[in-house]
Amino acid sequence: MGLSCGNPTALANLRPGEVVVDLGCGGGLDVFLAAARVGPSGKAIGIDMTPEMIERARANAARGIDGKPIANVEFHLATIDRLPLPDRSVDCVISNCVINLAPDKPAVFREIARVLKPGGRVAVSDMILKKPLPPEIADDLTAYVGCISGAISAEEYRGGLLEAGFAEVAIVDTGADLNAYAQVENQGGCCSAPSLLPIESAPRGGCCGSAQPSSAGSSQVHTGLHRLIARYDINEYAASAKVFAVKPK
């Protein structure tokens, strides 16, 4: 999880028997970590819009750890603004630097509120803006893939969650150095990370990256971010944040 926005499973205070959903699950790392916390009486569900990532996550679950499949997980191919889950069926929603990529964030917040049980909670890691981005960054595709140009301000984030019906919204700046994201070889942005899965043949490209760590696409994103950071201090404009909210009972 080295270059992601954070570790949402550590923030969520997951308990045995709970149902947790990971928005933008990629190859399944956070889902598997969550599954271990909720135990066999609980369930961890991954949502991703990329068929290759869902296929990889399901293969990782089937392969399991030490040859034993991970049974209390499931994965769905879907966008995070249209979740294929029943109303009031989830205890906790987590996400690792993915909501900033969604074009319609209010729809995402409404869907989260819909699937959460009363008293359910949100614990996500994401990017927020401190001030408007210069056009060169705001209009740059590599900055979008790098989880920067799609971000919104903390005020917009809080307002969107409150409008969706949440209470007790808290947004905490982690103080992470965002300039470091483009200074590590073969990493394409905040969503890319070396694999830490204890599963053979786990994905090496992170939630946004390719399965090949030195792919042409990853290299182009890395080069593009490197170029932008040479001109701008990203920490001046954006921040990595922990976002918490509760659905009223």
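Tabulated data for the structure shown
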| read-out | value |
| --- | --- |
| Subset of the stretch 114-132 [within 19 Å of Pro103 (Cβ to Cβ) and surrounded by fewer than 21 Cβ atoms within 10 Å (Cβ to Cβ)] | Arg114, Pro132 |
| Members of the stretch 49-58 found to be free of Cβ contacts under 8 Å to residues at least 60 places away in the same chain, surrounded by 13 or more Cβ atoms within 10 Å (Cβ to Cβ) and either assigned to a helix (DSSP H, G or I) or among the aromatic types (Phe, Trp, Tyr) (or both), listed by number | Ile54, Glu55, Ala57, Arg58 |
| Looking only at the stretch 211-249, and only at residues there that are surrounded by fewer than 19 Cβ atoms within 10 Å (Cβ to Cβ), among the small types (Gly, Ala, Ser) and part of a helix (DSSP H, G or I), the one that is modelled with the highest pLDDT | Ala230 |
| Test: residue in the stretch 32-48 that is over 17 Å from the mean Cα position of the chain (by Cα), modelled with pLDDT under 95 and not in a helix (DSSP H, G or I) | no |
| Selection count where residues are closer than 22 Å to Leu14 by Cβ, polar (S, T, N, Q) and in contact with a strand residue (DSSP E or B) (Cβ under 8 Å, 6 or more places away or on another chain), scope the stretch 58-108 | 4 |
| The stretch 106-135 residues that are part of a loop (DSSP other than H, G, I, E, B), paired with ones that are of a type in the set (Asp, Glu) and crowded, with 20+ Cβ neighbours inside 10 Å (beta carbon under 7 Å, 6 or more apart) | none |
| Flag if Tyr181 is among the hydroxyl-bearing types (Ser, Thr, Tyr), part of a helix (DSSP H, G or I) and modelled with pLDDT of 90 or more | no |
| Test set (1) over 22 Å from Pro248 (Cα atoms); (2) at pLDDT 95 or above; (3) in contact with a Cys (Cβ under 8 Å, 6 or more places away or on another chain) - Gly120 fails condition number | (1) |
| Per-region count, the stretch 60-93, residues in a helix (DSSP H, G or I) and touching a residue at least 24 places away in the same chain (Cβ under 8 Å) | 3 |
| Arg158 vs. criteria among the basic types (Lys, Arg) and at pLDDT below 50 | no |
| Tally, over the stretch 170-181, of residues that are surrounded by fewer than 18 Cβ atoms within 10 Å (Cβ to Cβ) and under 15 Å from Phe109 (Cα atoms) | 1 |
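The values are calculated or read from the model by the stated rules, or taken from the named source; none is laboratory data. Please read all numbers here as calculations on a predicted model, not as lab measurements. Neighbour counts are summed over all protein chains in view; Cβ atoms, including those assigned to glycine, are modelled from backbone coordinates with ideal geometry.
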